[in-house]
Amino acid sequence: MAQRGYHDIGGAPAGRFLPTDEPWHFWEKQSEAIRNLLGEGARRMASLDEIRRGFETMGEDLYGQLTFYERRLEALVRILEEKGIVSRADLEARVVAMRERESG
Amino acid sequence: MSAERGAGAYLGTKVLLDREEGGPAGYYALLSDALRDELIGLGLITAAQVRREVERLEAPGIHLGARIVARAWMDPEYKALLLENGSEAAERLGIKVGEAQLVVVENTPRVHNLITCTLCSCYPRSILGQPPAWYRNKVYRARSVSEPRKVLEEFGTHLPADIVIHVRDSNADMRWMVLPRRPDGTSDWSEERLQGLVTRDSLIGIAEALQP
């Protein structure tokens, strides 16, 4: 029998159901927007199935730590890096520069 | 950039997250900007395209689902099309369904449908917008398929024991939406007025349509 992935939680034990909601932050909308733009017909650089593969292979620890939109962005970056479209190091350099501007 | 997430640091293959409140902008908030700037720099997307796509993401909402349901309650021919080909029926009202197929299932006096996505959080976003946080959470994903009646009760929806619950598990290529039952006492209502009885939760099957 195939081993069950950590994302495959249908029927798993879980606590009491709490109907909660959270605000939808701009950076989350922006990363979804980027994914949509890259996924559409002309570019075809990151399909929804690839995003799913991204978060089903990032490892259970990271999957468990990240929120839904963090997971999707992490998966998108991994897929784009795998295809040689962006490099994580370049993105990290930008993050560091932004942090410096923020604290500077 | 707001401080909605704590600081984080990417270290080789590990992302470390510090969830403290009030810290600098979160790692993923910055990564989102970094990716945008990088892709713009590569000439793959433009800032204007990103802005328009964000607007497009914000545009859908329950009102679109309510329009579809109220039309189906009024027009048997439209209802038949809706149950046969959800995407085509939505597009007939000028509502564009994204890359996945829309499949609409009907609640009847004998069958109640409940929508979930156990593997991630697939949802008819191009019609209803973003799913609520509870739909994306582990508890709903895990329990909706094993004890739907209990989950419904915890949500305040008590179904008679003789109603069968069909749980519909969505995926990346197929999005379910419920056609709730038309409430009694609305036979002389206009389509516009009927739209007001359709709630998000009734389109997911977590509740029934509002009673007049």
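The values are calculated or read from the model by the stated rules, or taken from the named source; none is laboratory data. These numbers come from a predicted model, not from an experiment. Each accessible area value is taken on the protein alone, full model and side chains, heavy atoms only, with ligands, DNA and RNA left out. Shrake-Rupley method; radii C 1.70, N 1.55, O 1.52, S 1.80 Å.
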What residues does the range B:138-152 have that are buried by at least 50 Å² of accessible area in the full protein assembly compared to the chain on its own, 1.4 angstrom probe?
B:139, B:141, B:142
Return the residues of the range B:41-55 for which accessible area with all protein chains present is lower than in the chain on its own by 50 Å² or more; set the probe to 1.4 Å and exclude ligands, DNA and RNA.
B:44, B:53, B:54
The ³J(HN,Hα) series, computed from each phi in the range A:80-95 with the Karplus coefficients 6.51, -1.76 and 1.60 at θ = phi - 60°, rounded to the nearest Hz and given as x for glycine or proline, is 5, 5, 4, 8, x, 7, 10, 10, 4, 4, 4, 5, 4, 4, 5, 4
Under a cut-off of 24 Å between alpha-carbon atoms, report the lysines in cross-link reach of residue B:96, not counting same-chain residues fewer than 8 places apart.
A:29, B:79
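Quote the total accessible area buried by chains B and A together, excluding ligands, DNA and RNA, probe 1.4 Å, nearest 100 Å².
5900 Å²
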For residue B:138, counting only lysines whose alpha-carbon sits under 21 Å away and dropping same-chain residues fewer than eight positions off, the answer is B:150
Picking from B:151, B:167, B:139, which is most flexible by a Gaussian network model of chain B using Cα springs under 10 Å?
B:139
For residue B:174, the residues 5 or more places away or on another chain with a placed amide H closer than 5 Å to its own amide H are B:101
Å² of accessible area per residue within chain B, as computed with a 1.4 Å probe and no ligands counted:
46 Å²
Counting only protein heavy atoms with a 1.4 Å probe and every protein chain in place, the carbon and sulfur fraction of the accessible surface of the protein assembly as shown in whole percent equals 50 percent
Enumerate the whole-percent occupancy of each 10 Å bin, from 0 to the last occupied one, for all C-alpha pair distances of the protein assembly as shown.
6, 25, 31, 23, 12, 4, 0
On average, how much area does the Cα convex hull of chain B cover when viewed from any direction, in nm²?
15.1 nm²
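Once you keep just the Cα pairs under 8 angstrom separated by 6 or more residues, what percentage relative contact order results for the range A:26-103?
Relative contact order here is 24 percent.
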Let me have the relative contact order for the range B:62-204, percent, based on Cα pairs under 8 Å that are six or more residues apart.
34 percent
